[in-house]
Amino acid sequence: LNTSTPNVSTDALTFRLLQLNCYACHDRNQLGGVGRFRKPYFETLGHVDIGDEGRLPPTLTGAGDKLTASWIDSVLAGKGRVRPFMSIRMPVFPAEATKRLSAMFENADTSQIKSQDSDRQSAAIAPKTLVEAGRRLMDTGCVQCHAFKGEALPGTIGVDLEGVTQRIRRSWLRKFLKDPGALKARTRMPTFFPNGQSQNPDVLSGDVELQIAAMDAYLSELSHQPLPEKIQQARDQNYELKPTDHPIVLRTFMPVAGMHAIAVGFPQSVHFAFDAEHIAVSQAWRGRFLDAEGTWFIRFAPPAEPLGDQRITFPPGICIAVLTDMTMPWPNDAEDANAEFSGYRLDKNRVPEFLYSVHGVSVTDRTEPDGKRGLKRTIRFRVAADTDAPEMFWFRAHMGTELIRTSPRSFVNEAGLTVTLDQPETRGDTRSVAGITEWLVPIVLSGETVVRVQYTWK
C-alpha cells in the first residue's frame with residue numbers, strides 16, 4: 001500500500017511533457033531521453049568532439065531549479081539558442097501548448113530552489129573589486145572551454161557565458177561553480193574548489209564563497225565588462241598562419257572546400273584544401289596560407305579565403321568509384337560512392353594522411369609539395385584478407401569542359417590544371433558526359449595498390 005501523498009504539480013508536468021513528446025529527446029527523473037540508435041543525429045558542425053554532455057539534449061531533471069522562467073519561455077518560443085554549433089534544432093511549439101510550462105517546472109521543482117547567503121558575505125567587498133576578482137578567476141579555467149561575448153581562445157567551442165545569469169538561476173549557478181559533479185554526473189566541467197579549497201589563494205584571500213560571488217558578479221555584468229585577460233591578449237595578436245618549420249593543418253569553412261574544409265599549409269608556400277564531406281582535394285594555391293582569426297574568434301564568420309595567389313580549383317567530388325562499365329554515371333557524392341571519411345593522421349613530418357574507405361577498402365590519401373611549385377599525391381589502397389572487395393576501382397584523374405592530352409600520361413583542362421600519372425603503364429581512357437570530358441583510369445586491386453599523381457598549374 002502506497003500511502004505517500006501524490007505530487008500534483010509533478011504529475012501535471014509529467015503529463016504535459018508526455019503530450020508534447022519532450023521525452024523523445026530529453027530525460028527527466030530517469031524517464032525518456034535519446035535512444036542509442038538516435039544519438040548519431042545529434043552532431044556538431046565540423047564534427048567537433050564536445051562529448052555527449054555538449055551535443056545531446058540537456059536533462060530536464062531539476063530544470064525548474066536551474067533555469068529561469070524567462071529563459072524557458074524563450075527556448076520554447078524558438079528564440080533561445082546557446083549552442084549554434086549543433087546541426088540539429090529543437091522544434092518550435094504553438095504558444096498555447098507551452099504557455100504554462102515554465103510555471104509548471106518552477107512549481108514542480110520549487111522545493112529545490114533555495115536562496116544563497118553569499119550576497120551577505122560579499123556585501124563588505126566593493127562591487128568593483130568583486131567584479132575584477134571574478135574576471136581574474138575566469139582566466140584560471142573558464143576561458144579554456146567557454147566563449148565570452150562571442151570571443152574565445154583558439155579551438156574553443158563551449159557555450160558562450162554572456163547572459164548566463166539571465167538563463168540560469170543564480171542560486172543554481174553558485175552551487176554548480178562550487179561542486180559541478182554534485183549537480184551534473186560525468187560533467188566535463190572541472191571543479192575549481194577540490195575538497196572545498198580554492199586553487200587561487202591570492203584572489204580574495206582564497207575565500208571560496210567570496211570567489212564564487214565574484215564570478216557571479218562578473219558574469220552578471222559581462223556585457224559591460226572587459227573580456228578575460230587571456231582572451232584579450234589573444235585578440236590583440238596577428239592570426240595569419242605561417243607554416244615555417246612544418247606543415248599546418250586547420251579545420252575551417254572555405255568557399256570551395258565547403259563547411260568541412262581541412263586546409264593544409266606547407267613551408268614550401270604551396271598549400272591545398274581537402275573537402276572532408278565529399279572526400280576530395282578541392283583547391284590549391286601558392287604564397288601566403290590562411291588567416292585563422294575568423295575560424296577561431298568570429299561567430300558565424302565568412303568562409304576563410306586563401307591569402308595567397310595562383311589559385312587552382314580541382315575537379316569536384318570523390319575521385320575513386322566502382323563502375324560496372326564506362327557508360328555508368330560517376331557517383332554524385334561520397335555516399336553514392338559507398339565511401340566514408342574516417343579522419344586524418346599526421347606522419348613523422350606532420351603531413352596529414354587522409355583516411356577513408358570505399359566499398360570497404362581502406363584508402364590512405366597523402367598530398368604534399370613536389371619541389372617544383374606543384375603537388376604530388378599518393379593514394380594507397382589496402383584490401384583486408386576478409387574483405388569482400390571489388391576487384392577493380394576507377395580513378396577519375398581529371399575532368400573539364402576542355403581536356404587536352406599533353407603527354408601519354410598527362411592531361412590539362414581549361415583552368416590550366418595539369419594532371420600527370422607516375423605509372424607509365426597506366427593511361428586509362430576518356431569519355432564525355434553532358435559536355436564534360438573525364439579521364440578515367442582503371443585500378444586493379446592486389447594487396448596494397450598505390451596510385452601516384454602530380455598536379456601543376458601556372
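Residues that are exposed (fewer than 14 other Cβ atoms within 10 Å of the Cβ) and touching a Gly at 6+ places or on another chain (Cβ under 9 Å) within segment 88-111 comprise Arg89, Pro91, Val92, Thr110, listed in sequence order.
On the stretch given as segment 417-458, residues that are closer than 16 Å to Val281 by Cβ and not in a strand (DSSP E or B) total 2.
Can you find a residue in segment 71-84 that is hydrophobic (A, V, I, L, M, F, W, C), surrounded by fewer than 16 Cβ atoms within 10 Å (Cβ to Cβ) and modelled with pLDDT of 90 or more? Yes, because at least one residue in segment 71-84 is hydrophobic (A, V, I, L, M, F, W, C), surrounded by fewer than 16 Cβ atoms within 10 Å (Cβ to Cβ) and modelled with pLDDT of 90 or more. Scanning segment 340-397 for residues that are basic (Lys, Arg) and in contact (Cβ under 8 Å) with a residue 40 or more places away in the chain turns up Arg350, Lys372, Arg373, Lys376, Arg377, Arg380, Arg382, Arg396. Give the residues of segment 22-74 that are small (Gly, Ala, Ser) and part of a strand (DSSP E or B), sorted by residue number. Passing the criteria: only Gly32. Scanning segment 141-151 finds one or more residues that are modelled with pLDDT of 85 or more and either touching a strand residue (DSSP E or B) at 6+ places or on another chain (Cβ under 6 Å) or among the aromatic types (Phe, Trp, Tyr) (or both).
Number of residues in segment 28-58 that are free of Cβ contacts under 8 Å to residues at least 40 places away in the same chain and either farther than 19 Å from Arg188 by Cα or among the hydroxyl-bearing types (Ser, Thr, Tyr) (or both) equals 12.
Restricted to segment 411-431, and to residues there that are within 13 Å of Val453 (Cα to Cα), at pLDDT 95 or above and polar (S, T, N, Q), the residue that is surrounded by the most Cβ atoms within 10 Å (Cβ to Cβ) is Thr420.
Restricting the first member to segment 411-439 and to residues that are not assigned by TED's automatic domain parsing to the domain that holds Ala321, and the second to residues that are at pLDDT 95 or above and buried (at least 19 other Cβ atoms within 10 Å of the Cβ), no beta-carbon pair is closer than 9 Å while six or more apart or on different chains. Considering segment 343-378, the residues that are part of a strand (DSSP E or B) and surrounded by fewer than 14 Cβ atoms within 10 Å (Cβ to Cβ) include one that is nearest to the chain's Cα centre (by Cα), namely Gly343.
The values are calculated or read from the model by the stated rules, or taken from the named source; none is laboratory data. Being a predicted model, the structure only gives us computed values, none of them experimental. Ideal geometry is used to build each Cβ from the backbone, glycine not excepted, and the neighbour counts take in all protein chains shown.
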